[in-house]
Amino acid sequence: MEIVPSIQFDDTQVAFSYKNDRELKKANFIFSLVNNPTVSAIATSLAKISLALHLPVKGLIRMTVFEHFCGGETIEESEKMIEKLARFKVGTILDYSVEGEDDEVSFDKTTQELLSTFDEAKKNSSVPFCVFKVTGLGASDLLEKIVAKSSLSGDEAAAFERIRSRVDSICKKAYELQIPVLIDAEDSWIQNPIDELAYEMMQKYNGQKAVVFNTFQMYRADMLGNLRNAFHEAAMYNYFLGVKMVRGAYMEKEAERAARIGYANPIHPNKQASDDSFNKGLAFCIDNKQRISVMCGSHNEYSNQYLTVLMNKHGMANNDNRVWFAQLLGMSDNISFNLAKAGYNVAKYVPYGPVESVMPYLLRRASENTSVAGQSSRELILIRKELKRRKAI
Ligand SMILES: Cc1cc2nc3c(=O)[nH]c(=O)nc-3n(C[C@H](O)[C@H](O)[C@H](O)COP(=O)(O)OP(=O)(O)OC[C@H]3O[C@@H](n4cnc5c(N)ncnc54)[C@H](O)[C@@H]3O)c2cc1C
């Protein structure tokens, strides 16, 4: 669809106003590094090996990629970043990014940590949402078994009940404190029970407004249909539907598993099809705004622009509370800060947690920003443009 831009995303002065010259030069260094596929592959392998061998690289990682993409190791350490973003009307979504935990003690500990993100949100209006991943609260093997419809042992059934109760304790707190909560989407082979839990929670807590948000990965060929079904279900049971819309982060893993096991890859056949599905999804949400609240979790300029155009067409105020824009800390500041300046509701995911535990997250960011065709990434172009404007390069 041809859209008339209503907002400029290339104003780098606005985009990087929260970074001083030193921080911007560091961003230039990091993106130059990850942009080169060979250097990026060597650096990420070295980081993995060094951490596994307990070599003293934590300080180096902390000073570079960690500082760029994360708020800190704890909520308290992340408060500086919350305030920094808030000065430019950009909210923070504290993302406890510890991945790969697999025992009950860790799941309970993660639940407690997630509950404390709500306490931070309650005392700080610059934290408009909280977020969690169900795999932080229970074993992914168990979720996979449920999707595969394998029969569960008594212990497994009890373990799933504990997942449900952890999810419920988080959503209940969200409801009591009226801080909306996002449930992240994960691999397709564990997603069904996550969806079912999300809808169970929406039915319980979304009676007056969208408190619980589920995530829709529009790179999945079935997702536009799932979105429509979720809407009809919400209408039937009379609750509000919270939608976080993303394209999806696990495309390679999805293709690899489908080929290995021998089933059809659930991902759209090309990028254009994912883009079309994402943009149609946005239009569907705005068409049904009387029941849907939507967060556009994307770094795609067209999709963000398109959502502003849809809002305008529907006569919605820029700061209508049913629509939020979200990007990850350290990425697409040009989108976040220019939208916030124009009065839209914007928040950044701000990951936090011990350096070693957020490594899988950091490695995903590195591979996402690696250039395939040898050209500079959009991030790098914008960072260099701003460094030049500041005469700092
Ligand atoms: C706030 C926020 C929250 C997020 N939460 C989640 C989450 O809960 N779960 C999750 O999975 N991801 C999540 N993501 C990541 C997201 O799914 C994307 O991986 C990432 O944002 C890149 O997509 P994009 O919309 O920014 O834009 P673009 O960079 O324009 O699109 C890249 C995306 O397009 C799709 N794509 C690329 N090539 C092809 C192809 N050949 N065929 C089909 N599709 C293709 C892939 O999804 C790829 O990631 C989140 C992102 C943000 C900003």
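Structure summary
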item: Nitroxide proxy distance, nm - points 7 Å out along Cα→Cβ at I42 and L363; result: 1.9
item: Under the Debye formula (equal points on every Cα, no solvent term), log10 I(q)/I(0) of segment 3-47 at q = 0.14, 0.34 Å⁻¹; result: -0.53, -1.11
item: Computed [θ] at 222 nm, deg cm²/dmol, the chain (DSSP H ≥ 4; -39,500 (n - 2.57); rounded to nearest 500); result: -16500 deg cm²/dmol
item: GNM top mover of K313, K80, K145 - the chain, alpha-carbon springs below 10 Å; result: K313
item: Distance violations [Cα-Cα > 32 Å] among K204/K271; K109/K341; K26/K280; K89/K209; K123/K271; K133/K271; result: K204/K271; K109/K341; K26/K280; K123/K271
item: At q = 0.16, 0.19, 0.23 Å⁻¹, base-10 log of I(q)/I(0) for segment 212-270 (Debye sum, equal scatterers on each alpha carbon); result: -0.58, -0.73, -0.89
item: Segment 82-128: equivalent-ellipsoid semi-axes (sqrt of 5 x gyration tensor eigenvalues, Cα, Å); result: 26, 11, 5
item: Cα-centre dipole for the chain with unit charges at Cβ (Lys and Arg positive, Asp and Glu negative), debye to 20; result: 1480
item: Nearest-0.05 FRET efficiency for K149 and N300, computed from C-beta distance (R0 45 Å); result: 0.80
item: The chain, relative contact order [Cα under 8 Å, separation at least 6], %; result: 26
item: Förster radius 41 Å - calculated FRET efficiency between Q8 and L53, Cβ distance, rounded to 0.05; result: 0.30
item: Under 5 Å, built H, 5+ apart or other chain: amide partners of G72; result: G353
item: Shape call, segment 156-282: gyration tensor on alpha carbons, a/c limit 1.5; result: oblate
item: Fraction of alpha-carbon pairs over 26 Å apart in segment 248-393 - percent; result: 39
item: Amide H contacts of F325 (H built 1.01 Å from N, under 5 Å, at least 5 apart or other chain); result: C296, N345, V346, A347
item: Residue order for D11, D320, D333, D102 - accessible surface, 1.4 angstrom probe, largest first; result: D102, D11, D320, D333
item: Span-like helix ranges in the chain, DSSP H, alpha carbon extent 27 angstrom or more, Kyte mean at least -1.0; result: 104-123, 154-177
item: Kirkwood Rh and Cα Rg combined as Rg over Rh, evaluated for segment 58-214; result: 1.00
item: Relative contact order of segment 100-150, pairs being alpha-carbon contacts under 8 Å that are 6 or more residues apart, as %; result: 45
item: Alpha-carbon Rg/Rh ratio, for the chain, with Rh computed the Kirkwood way; result: 0.94
item: Charge tally in the Cβ shell below 13 Å around Y205, where Lys, Arg are +1 and Asp, Glu are -1, Y205 excluded; result: +1
item: Gaussian network model of the chain, springs between alpha carbon atoms under 10 Å - residue of N312, N35, N300 with greatest fluctuation; result: N312
item: Around L51: net Lys/Arg minus Asp/Glu count, Cβ-Cβ under 13 Å; result: +2
item: Whole-number percent relative contact order across segment 189-346, with pairs defined as alpha carbons under 8 Å at least 6 apart; result: 19
item: Long-range amide H partners of D95 with built H, under 5 Å; result: V350, Y352
item: DSSP bridge pairs, the chain: antiparallel proportion in percent, nearest 5; result: 5
item: Anisotropy class of segment 212-312 from Cα gyration tensor, a/c 1.5 cut; result: oblate
item: Unit charges at the beta carbon, dipole of segment 74-206: most positive-side option, V105, F129, S188; result: F129
item: Accessible area in the full protein assembly, largest first, 1.4 Å probe, for H54, H68; result: H54, H68
item: Most mobile of M63, M295, M201 in a GNM of the chain (Cα contacts under 10 Å); result: M63
item: Heavy atoms of D119: accessible area, 1.4 Å probe, square angstrom to 10; result: 80
item: Computed E for L60/S140 - FRET, C-beta separation, R0 30 angstrom, nearest 0.05; result: 0.45
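The values are calculated or read from the model by the stated rules, or taken from the named source; none is laboratory data. Note that the structure is a prediction, hence the values are computed from the model and not measured. Cβ coordinates were reconstructed from backbone atoms using ideal geometry, including for glycine residues, and neighbour counts include every protein chain displayed. Side chains included, ligands, DNA and RNA excluded: accessible areas come from the protein's heavy atoms. Shrake-Rupley method; radii C 1.70, N 1.55, O 1.52, S 1.80 Å.
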